[in-house]
């Protein structure tokens, strides 16, 4: 089995496992879960950057690494925006003097 096919299997199984786990989370826990997902996406970004650097002339690995880096960045930015909105809900309102 080549590295490319192994990487596709890991991507497929990880996606299915993620869908199964996220589907079981109650709605009240989604925002704290998003904050925790930021840390995991940071690790995914490092792995994607490593894959891009080590891909060399292998175009499919470069494409997969670039796509995974884009999804991880999207998740991190979205997670920070959601966390910021959540924290703003609990801050004190500014009073006019």
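The values are calculated or read from the model by the stated rules, or taken from the named source; none is laboratory data. Given the structure is predicted, the values throughout are model-derived calculations rather than measurements. Glycine also receives a Cβ, built like all others from the backbone with ideal geometry; neighbour counts cover every protein chain displayed.
Some points to look at:
- Qualifying residue in the range 47-59 (condition: in contact with a helix residue (DSSP H, G or I) (Cβ under 8 Å, 6 or more places away or on another chain), part of a helix (DSSP H, G or I) and farther than 28 Å from residue 2 by Cβ): no
- Within the range 53-65, the set of residues being within 18 Å of the chain's Cα centre (by Cα) and modelled with pLDDT of 90 or more comprises just one member, 63.
- The single condition from (1) part of a helix (DSSP H, G or I); (2) at pLDDT 80 or above that residue 29 fails is (2).
- Long-range neighbours under 7 Å by Cβ, at least six apart or interchain, first residue more than 12 Å from residue 76 (Cα to Cα) within the range 20-49, second assigned to a helix (DSSP H, G or I) and modelled with pLDDT of 80 or more: 48/65; 48/68; 48/69; 48/72; 49/69
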